Amino acid sequence: MNFSLSDEQQMLADSARRFVQGGYQAETLWHQFAELGWLALPFDEDDGGLGAGLVETMVLLEELGCGGVTTPYLATVVLGGGILRRADAACRARYLPDLMAGDLQLALAVDEQERVFAPENTALQAREEGGGFVLNGRKTVVLNGDQADRILVLARTGGEPGDQRGLSLFLLDPHSPGVTLTPHRLVDGHRAARLQLDGVRLSADALIFEKDAAFEPVRQVLDEAILALGAEAVGALSVLLDDTVEYSKTRKQFGVPIGSFQVLQHRMADMFMALEQTRSLLLAATLKTLEGHDDARQAVHALKARIGGAGRHIAQEAVQLHGGMGMTDELAVGRYFKRITAMDGLFGGADQHLAAFARG
């Protein structure tokens, strides 16, 4: 495996870093992303995209994580766009141009109550009727669900919860009769919604893939989302470590910088090791997935478990070493702490992925 960035990938990282550090207008951020070509990054050139891949997405998300930038990139481009990249040519031609232009936001509704990161346990029903489908059920923590122009909904068209077969994916207009969205925010400020479907009628052309065959593409997209989340986590954790080290050089106690205390030096060294281990797992999981290794999914599970364990350790140490100030919104440390905490809960927690890794 080659862990070095190419010239083009390094240019992407540099431009994203300059963008984040140079300041931006929050109200025009999404269209700025479109102008920079970042919304077109993972899509094929035949579809009007830039033809980049997982590594480029990782590079971009790490820099956005460093800047603490709050965007629907994960929900729209990685999750929703990941599904559309695998759809047929007609579907791609209809929706991808608007997505890449910044005029279409998406959401993917998979998780249900007590069924997190387990698409095979989907219980929401899609019943065939009159040449179309009728959907009933609910989804929870739909990222960007309250802002999305279209929502991709995973539903059961056959079998029982626990079966991988019998799952289908539908493209839903959130303004359709019978759709109820209850917006809420995650602890880190990112937007999400609960989705309730009561007798929602959809035509047959709302089906994205073949009926009963949505499990594998959804699993692939969720794996890619974990890689993107891992990249953002590495960026955020890098800032937590750097800010903590810098603070220890200026904060004085007993007339000397606290960074001169050996016990605190050891704690910061542990933070550094935890960060580098997470970064290494991110690189390995990304390249294994890109190259189609047999143990790629195992590497993704290991990465997500590491985000939960190492991420929590680094974030908690950063807060403690900053003292009382670390608990306030006055410093960026508190904001990054909240983001890392939210990341641990998205797409299954550390314990869930550790158990999946152990099962092989």
In the stretch 330-353, the residues that are open to solvent by 70 Å² or more (accessible area, probe 1.4 Å) and either of a type in the set (Asp, Glu) or more than 24 Å from ASN144 (Cβ to Cβ) (or both): GLU330, ASP351
Filtered residues of the stretch 114-143 (kept if outside any strand (DSSP E or B) and closer than 23 Å to ASP223 by Cβ): GLU114, VAL116, PHE117, ALA118, PRO119, GLU120, ASN121, THR122, ALA123, LEU124
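May I ask you to list the residues in the stretch 330-360 that are of a type outside the set (A, V, I, L, M, F, W, C) and assigned to a helix (DSSP H, G or I)? Walk me through how you get there before you give the answer.
Pass one, the stretch 330-360, residues of a type outside the set (A, V, I, L, M, F, W, C): 330, 334-336, 338-339, 341, 344-345, 348-349, 351-353, 359-360.
The answer is GLY334, ARG335, TYR336, LYS338, ARG339, THR341, ASP344, GLY345, ASP351, GLN352, HIS353, ARG359.
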Test: residue in the stretch 253-274 that is hydroxyl-bearing (Ser, Thr, Tyr) and either closer than 30 Å to PHE117 by Cβ or touching a His at 6+ places or on another chain (Cβ under 7 Å) (or both): no
Test: residue in the stretch 138-153 that is of a type outside the set (D, E, K, R), touching a Pro at 6+ places or on another chain (Cβ under 8 Å) and open to solvent by 40 Å² or more (accessible area, probe 1.4 Å): yes
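Table: residues versus (1) modelled with pLDDT of 95 or more; (2) not aliphatic (A, V, I, L, M).
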site	(1), (2)
LYS249	no, yes
VAL256	no, no
HIS266	yes, yes
ASP270	yes, yes
ALA274	yes, no
LEU282	yes, no
Residue list for the stretch 18-31, restricted to those being open to solvent by less than 50 Å² (accessible area, probe 1.4 Å) and either within 15 Å of LEU99 (Cβ to Cβ) or within 20 Å of the chain's Cα centre (by Cα) (or both): VAL20, LEU29, TRP30
Failed item, numbered, when VAL55 is tested on (1) touching an Asp or Glu at 6+ places or on another chain (Cβ under 7 Å); (2) surrounded by 15 or more Cβ atoms within 10 Å (Cβ to Cβ): (1)
Residue that is surrounded by the fewest Cβ atoms within 10 Å (Cβ to Cβ) [pool: residues in the stretch 110-129 that are in contact (Cβ under 8 Å) with a residue 40 or more places away in the chain, closer than 18 Å to LEU197 by Cα and touching a Leu at 6+ places or on another chain (Cβ under 8 Å)]: PRO119
Pairs where the first residue, in the stretch 91-109, is in a strand (DSSP E or B) and open to solvent by less than 40 Å² (accessible area, probe 1.4 Å) and the second is hydroxyl-bearing (Ser, Thr, Tyr) and at pLDDT 95 or above, C-beta under 7 Å, 6+ apart: LEU106/THR76
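Quick one: is ASP7 surrounded by fewer than 20 Cβ atoms within 10 Å (Cβ to Cβ) and either closer than 21 Å to ARG92 by Cβ or modelled with pLDDT of 90 or more (or both)?
Numbers: surrounded by fewer than 20 Cβ atoms within 10 Å (Cβ to Cβ): yes; either closer than 21 Å to ARG92 by Cβ or modelled with pLDDT of 90 or more (or both): no.
The answer is no for ASP7.
Determine, yes or no, whether LEU202 is of a type outside the set (Lys, Arg), surrounded by 19 or more Cβ atoms within 10 Å (Cβ to Cβ) and not in a helix (DSSP H, G or I).
On the way: of a type outside the set (Lys, Arg): yes; surrounded by 19 or more Cβ atoms within 10 Å (Cβ to Cβ): yes; not in a helix (DSSP H, G or I): yes.
Yes.
Of the residues HIS184, HIS175, HIS190, only one is in contact with a Ser or Thr (Cβ under 8 Å, 6 or more places away or on another chain) and either on the phi < 0 side of the Ramachandran plot or open to solvent by 30 Å² or more (accessible area, probe 1.4 Å) (or both); which?
Details: HIS184 fails: in contact with a Ser or Thr (Cβ under 8 Å, 6 or more places away or on another chain); HIS175 fails: in contact with a Ser or Thr (Cβ under 8 Å, 6 or more places away or on another chain).
Of HIS184, HIS175, HIS190, the one residue that is in contact with a Ser or Thr (Cβ under 8 Å, 6 or more places away or on another chain) and either on the phi < 0 side of the Ramachandran plot or open to solvent by 30 Å² or more (accessible area, probe 1.4 Å) (or both) is HIS190.
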Hits in the stretch 73-86 (condition: farther than 16 Å from PHE347 by Cα and open to solvent by 10 Å² or more (accessible area, probe 1.4 Å)): ARG85, ARG86
Pair list, Cβ < 6 Å and 6+ apart or interchain, from the stretch 167-183 residues that are more than 21 Å from ALA214 (Cα to Cα) to residues that are open to solvent by 50 Å² or more (accessible area, probe 1.4 Å) and not in a loop (DSSP other than H, G, I, E, B): GLY178/ASP198; THR182/ARG194
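The values are calculated or read from the model by the stated rules, or taken from the named source; none is laboratory data. Bear in mind that the values here come from a model prediction, so they are computed numbers and not experimental data. Neighbour counts are summed over all protein chains in view; Cβ atoms, including those assigned to glycine, are modelled from backbone coordinates with ideal geometry. To get the accessible areas, we keep the full protein, side chains included, count just its heavy atoms, and leave off ligands, DNA and RNA. Shrake-Rupley method; radii C 1.70, N 1.55, O 1.52, S 1.80 Å.
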